[in-house]
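The values are calculated or read from the model by the stated rules, or taken from the named source; none is laboratory data. No experiment lies behind these values; they were computed from the predicted model shown. Here the Cβ is made from the backbone with ideal geometry for all residues, glycine too, and neighbour counts use every protein chain on show.
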Amino acid sequence: MKRALVFLVSLCLPLAVCAEEGMWTVDNFPSADVAEKYNIKIDDEWLRSARLATTRLENGCTGSFASGDGLVLTNNHCTWGCIRNLSSAERNLSDEDFMAAARNEELQCPGQQISVLVEIDDVTRKVSAATKGLANVQANDARKAELTSLQSKCEDDADGKLRCEAVTLYNGGQYFIYKYKRYDDVRLVFAPELNIAAFGGDPDNFNFPRWSFDMSFLRAYENGKPATTPNYLKWRQAGPSAGEPVFIAGHPGSTDRSLTVSQLKMQRDVSIPLYLYRYSEFRGRLLAWQNSSPEAGRAVQQRILGIENGIKVRRNQLKALQNDDMMAAKMA
């Protein structure tokens, strides 16, 4: 479900969070089931408001509007590129932190963009009609051509006001055109120093995340002024209560739920070990290089954390794939 906006439903418990309903695309949310199980009404207007409050950064991260004037809350690591680009030898924002005391002090992030999904068109029938009766190779070419044509027509009809993207879901089971409103002027408002944002370094960020201040604020601007964003998530100081359902909106990557046992074995025996060999070596070289000069350290300090995070994820994936009980369950 790559690049699709989805909602994750989980049940908030006193000591743990257990995902009970799983992930659902925003156009296919199980409102009736949620109402029956949790006695909560999630109607089309609620879903629309939540969708318009959810943002996607250019680097794939999810954020959310946190005010009516374009303020966006996201993870600190989602702003690392911006922080690096705005830092210098004289002022390293990763070491210092940054907070704009006034609007004119907010710093524009070079190359950063924020997108908001404003409309979804199901084009499955059009794509199916374009490929009907064709052999695999010809059908693949026709599918690509049809999606490209639909995407271009969407942008032409929007007269440059929207960015359209073709989205394939469920390995070709459905096709959509997602229409995004895009903000090209994005400015940094607040970011804590890296030692607080990633407190404990990479080894702690899965085990003790509550000790980290992994957040930052950006602001979307339009025509040189803070964007007007009436759909935003309101701050609730008390937080969720025990047993209260929690709904999470975001733009995740694919779930890999449909991988075959042969594909999982390929990951276990070839792909993941090769990744771990390569990036362990790469991490070692970066660790050595960061000590060569202050400038080198500034350039790679965040990237090392990212690489270490990737290594940790795949090391645990490999551990799961080496579990005989799990593989037996997949085979069954």
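I'd like the full set of residues that are part of a helix (DSSP H, G or I) and either farther than 26 Å from VAL6 by Cβ or in contact (Cβ under 8 Å) with a residue 24 or more places away in the chain (or both), limited to the range 101-130.
ARG103, ASN104, GLU105, THR124, LYS126, VAL127, ALA129, ALA130
Matching residues to (1) of a type in the set (Asp, Glu); (2) touching a Lys or Arg at 6+ places or on another chain (Cβ under 8 Å):
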residue: THR148; (1), (2): no, no
residue: SER152; (1), (2): no, no
residue: LEU169; (1), (2): no, no
residue: LYS179; (1), (2): no, yes
residue: ASP184; (1), (2): yes, no
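Hey, could you check the range 51-85 for residues that are hydrophobic (A, V, I, L, M, F, W, C) and more than 13 Å from GLN113 (Cα to Cα) and say which is surrounded by the fewest Cβ atoms within 10 Å (Cβ to Cβ)?
Once the filter is applied, the top-ranked residue is LEU52.
Among the residues in the range 272-289, are any within 30 Å of GLY68 (Cβ to Cβ) and out of contact with any Phe, Trp or Tyr (no Cβ under 7 Å at 6 or more places or on another chain)?
no
Could you tell me whether the range 177-190 includes any residue that is at negative phi, without any contact (Cβ under 8 Å) to a residue 60 or more places away in the chain and not in a loop (DSSP other than H, G, I, E, B)?
Yes, because at least one residue in the range 177-190 is at negative phi, without any contact (Cβ under 8 Å) to a residue 60 or more places away in the chain and not in a loop (DSSP other than H, G, I, E, B).
Residue pairs, Cβ under 8 Å, 6 or more apart or interchain, first in the range 29-43 and within 17 Å of GLU244 (Cβ to Cβ), second surrounded by 14 or more Cβ atoms within 10 Å (Cβ to Cβ) and acidic (Asp, Glu). List them.
Between residues of the range 29-43 that are within 17 Å of GLU244 (Cβ to Cβ) and residues that are surrounded by 14 or more Cβ atoms within 10 Å (Cβ to Cβ) and acidic (Asp, Glu), the close pairs are VAL34/GLU21.
Give LEU318, LEU274, LEU287, LEU264 a once-over and let me know the one that is in contact with a Pro (Cβ under 8 Å, 6 or more places away or on another chain), at pLDDT 90 or above, farther than 30 Å from ILE42 by Cβ and not hydroxyl-bearing (Ser, Thr, Tyr).
Criteria check complete, one pass: LEU318.
Would you be able to tell me the number of residues in the range 62-86 that are in a helix (DSSP H, G or I) and not small (Gly, Ala, Ser)?
Selection size over the range 62-86: 10.
Keeping to the range 87-96, report how many residues are surrounded by fewer than 17 Cβ atoms within 10 Å (Cβ to Cβ) and not in a helix (DSSP H, G or I).
4
I'm checking my understanding of the structure. Among residues of the range 122-143 that are among the charged types (D, E, K, R) and loosely packed, with under 14 Cβ neighbours inside 10 Å, which one is farthest from ASN28 (Cα to Cα)?
By that ranking, first place goes to ASP141.
Among the residues of the range 9-44, write down those that are modelled with pLDDT of 90 or more, under 24 Å from SER115 (Cα atoms) and not in a loop (DSSP other than H, G, I, E, B).
ASP44 - this is the single residue of the range 9-44 that is modelled with pLDDT of 90 or more, under 24 Å from SER115 (Cα atoms) and not in a loop (DSSP other than H, G, I, E, B).
What residue, among those in the range 163-202 that are of a type in the set (Phe, Trp, Tyr) and over 22 Å from ARG298 (Cβ atoms), is surrounded by the fewest Cβ atoms within 10 Å (Cβ to Cβ)? Write out each step before concluding.
Looking only at the range 163-202, we keep the residues that are of a type in the set (Phe, Trp, Tyr), and these are 170, 175-176, 178, 180, 183, 190, 199.
Applying the additional criterion that residues be over 22 Å from ARG298 (Cβ atoms) yields 170, 175-176, 178, 180, 183.
Details: TYR170: 11, TYR175: 22, PHE176: 21, TYR178: 23, TYR180: 20, TYR183: 21.
So the residue we want is TYR170.
Note down all Cβ pairs under 8 Å where the first residue falls in the range 277-293 and is without any contact (Cβ under 8 Å) to a residue 60 or more places away in the chain, the second is among the charged types (D, E, K, R), and they're at least six residues apart or on different chains.
That search, which allows pairs on different chains as well, returns ARG283/GLU308; LEU286/ARG303.
Test LEU47 against the stated conditions and say whether it is part of a loop (DSSP other than H, G, I, E, B), surrounded by 13 or more Cβ atoms within 10 Å (Cβ to Cβ) and not assigned by TED's automatic domain parsing to the domain that holds ASN309.
So LEU47 fails the test.
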